[in-house]
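*Asks:* Submitted below is the structure of interest, expressed as structure tokens.
The values are calculated or read from the model by the stated rules, or taken from the named source; none is laboratory data. What you see is a predicted model; the values in this text were computed from it and never measured. All Cβ positions, glycine included, derive from the backbone under ideal geometry; neighbour counts span all protein chains shown. Keep in mind that these areas ignore ligands, DNA and RNA; they rest on the heavy atoms of the full protein, side chains included. Shrake-Rupley method; radii C 1.70, N 1.55, O 1.52, S 1.80 Å.
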Amino acid sequence: MSMWFDETLHDGYHQGFQIKEVLFENKTDHQHLVIFESTTFGRVMALDGIIQTTERDEFIYHEMLAHVPLFSHGDPKDVLIIGGGDGGLLREVLKHPQVKKAVQVEIDQAVIDMCRQYLPNHSAGAFDDKRAEIVIGDGIDYVTNSDRQFDVILSDSTDPIGPGEVLFTSPFYQGVKRCLKPGGIFAAQNGVAFMQPDEVSTTYRRLSPLFEDCSFFTAAVPTYVGGIMTFAWACNDSGPRASSLEVLQRRFGQSDIDTRYYTPEVHAGAFALPRYILNSI
Ligand code: AG3
């Protein structure tokens with residue numbers, strides 16, 4: 001008899017993974033966490049019944065959320081990550097040699113601990129990098145109260161349900177703005193536009209009064225079902241988003257970073273939005 005994990009994110013539509021073995025399952029202080037070995041996507045981690053990451057396709061999401069803002073910026077020294085307890089995003093951020101400090105604020109210590117144990121290829125040693133500083137706390141408190149400023153701030157959150165909800169609010173975006181250096185870039189996971197169209201319109205409505213340049217870039221991540229995923233983009237300068245292909249190719253070439261999804265050409269094309277997304281902003 002086979003066991004299946006059924007995701008509960010969308011009403012009347014779900015994806016299922018055949019489970020080989022459950023590696024960890026428990027309620028943490030903040031959410032329900034499960035990590036299992038699947039038959040087709042390697043190890044899978046879910047929070048409150050929603051797929052967060054799989055070994056097989058995580059590279060697409062983490063490379064895009066890290067490298068699009070970092071290569072657009074050009075000289076990212078200080079990076080702040082909100083969420084991202086599995087460590088995949090931190091791993092990609094630390095591939096940039098200019099990064100001197102990556103502060104990561106994660107609300108749930110158990111997610112970090114269990115992912116280090118059961119998804120070791122996500123962080124791949126990143127948590128032990130001297131440039132990484134891990135803070136256990138709520139991202140909104142950090143950006144509201146910290147007196148540090150960053151070149152790039154990345155929100156690697158859950159969907160706007162449960163602990164992640166606050167990371168999609170105007171007060172959070174105001175905090176992000178005060179923690180960005182001039183010319184700094186904010187990028188955030190913003191759901192699958194076809195399935196969660198309100199996320200695009202709401203995020204745009206909340207970010208655009210605060211930042212000069214607001215937009216979205218996209219990537220198709222198979223296990224975030226329903227089409228292309230959007231990432232929100234906000235910056236007080238329109239320059240970084242307009243970085244030319246030549247500039248991106250030069251920066252990528254000089255960086256010596258190995259990728260499996262990201263290329264400068266994919267980067268440049270990721271800001272091209274289909275009409276149904278443009279219509280909701
Ligand atoms: N966080 C984003 C999960 C998004 C799931 N939402 C969805 N399928 N619409 C992933 C954490 C990976 N570090």
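*Asks:* Being open to solvent by 10 Å² or more (accessible area, probe 1.4 Å) and assigned to a loop (DSSP other than H, G, I, E, B) is the filter; apply it to region 62-85 and report the residue that is nearest to the ligand (Cβ to nearest atom).
*Replies:* Looking at residues that are open to solvent by 10 Å² or more (accessible area, probe 1.4 Å) and assigned to a loop (DSSP other than H, G, I, E, B), I get 77.
*Asks:* I've got another one for you. Any residue at all in region 132-142 that's over 25 Å from residue 171 (Cα atoms) and open to solvent by 10 Å² or more (accessible area, probe 1.4 Å)?
*Replies:* The initial filter retains those residues of region 132-142 that are over 25 Å from residue 171 (Cα atoms), namely 132.
Those left that are additionally open to solvent by 10 Å² or more (accessible area, probe 1.4 Å): 132.
Looking for residues that are over 25 Å from residue 171 (Cα atoms) and open to solvent by 10 Å² or more (accessible area, probe 1.4 Å), one finds at least one in region 132-142, hence yes.
*Asks:* Ok, one more. Please enumerate the residues belonging to region 76-86 that are closer than 21 Å to residue 190 by Cβ and of a type outside the set (Asp, Glu).
*Replies:* Quick first cut of region 76-86, residues closer than 21 Å to residue 190 by Cβ only: 76, 79-86.
76, 79, 80, 81, 82, 83, 84, 85, listed by residue number.
*Asks:* Being without any contact (Cβ under 8 Å) to a residue 24 or more places away in the chain, of a type outside the set (D, E, K, R), open to solvent by less than 60 Å² (accessible area, probe 1.4 Å) and not assigned by TED's automatic domain parsing to the domain that holds residue 98 narrows it down to one of 18, 31, so name that one.
*Replies:* None of the other options fit; the residue is 18.
*Asks:* So in region 109-162, with the set limited to residues that are in contact (Cβ under 8 Å) with a residue 40 or more places away in the chain and in a strand (DSSP E or B), which one is farthest from the ligand (Cβ to nearest atom)?
*Replies:* Here the residue is 151.
*Asks:* Sticking with this structure for a sec: Pairs needed: first member in region 182-207, acidic (Asp, Glu); second member anywhere, modelled with pLDDT of 95 or more; C-beta distance under 7 Å; at least 6 residues apart or different chains.
*Replies:* Here the result reads 199/160; 199/190; 199/191, each pair linking region 182-207 to a residue that is modelled with pLDDT of 95 or more.
*Asks:* Please verify whether residue 33 is in a strand (DSSP E or B) and within 16 Å of the ligand (Cβ to nearest atom), treating the condition exactly as stated.
*Replies:* yes
*Asks:* To continue, here is another question. Since residue 212 meets every condition but one in (1) at pLDDT below 95; (2) more than 16 Å from the ligand (Cβ to nearest atom), which condition does it not meet?
*Replies:* (1)
*Asks:* Further, regarding this structure: Within the bounds of region 45-61, is there any residue that is part of a helix (DSSP H, G or I), open to solvent by 10 Å² or more (accessible area, probe 1.4 Å), within 14 Å of the ligand (Cβ to nearest atom) and aliphatic (A, V, I, L, M)?
*Replies:* yes
*Asks:* Picking from 8, 40, which residue would you name as being open to solvent by 60 Å² or more (accessible area, probe 1.4 Å), polar (S, T, N, Q) and more than 22 Å from residue 195 (Cα to Cα)?
*Replies:* None of the others qualify; the one that does is 40.
*Asks:* Name the single residue that is nearest to residue 149 (Cα to Cα) among those in region 184-205 being in contact with a helix residue (DSSP H, G or I) (Cβ under 7 Å, 6 or more places away or on another chain) and of a type in the set (Gly, Ala, Ser).
*Replies:* Once the filter is applied, the top-ranked residue is 187.
*Asks:* Here's another thing I want to ask about it. Among the residues of region 95-125, write down those that are buried (at least 22 other Cβ atoms within 10 Å of the Cβ) and in contact with a Lys or Arg (Cβ under 9 Å, 6 or more places away or on another chain).
*Replies:* Once the filter is applied, which keeps residues that are buried (at least 22 other Cβ atoms within 10 Å of the Cβ) and in contact with a Lys or Arg (Cβ under 9 Å, 6 or more places away or on another chain), region 95-125 yields 102, 119, 122, 123.
Table: residues versus (1) among the small types (Gly, Ala, Ser); (2) under 17 Å from the mean Cα position of the chain (by Cα); (3) part of a helix (DSSP H, G or I); (4) surrounded by fewer than 16 Cβ atoms within 10 Å (Cβ to Cβ).
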{"position": "183", "(1), (2), (3), (4)": "yes, no, no, yes"}
{"position": "191", "(1), (2), (3), (4)": "yes, yes, no, no"}
{"position": "209", "(1), (2), (3), (4)": "no, no, no, yes"}
{"position": "232", "(1), (2), (3), (4)": "yes, yes, no, no"}
{"position": "248", "(1), (2), (3), (4)": "no, no, yes, no"}
{"position": "254", "(1), (2), (3), (4)": "no, no, yes, yes"}
{"position": "276", "(1), (2), (3), (4)": "no, no, yes, yes"}
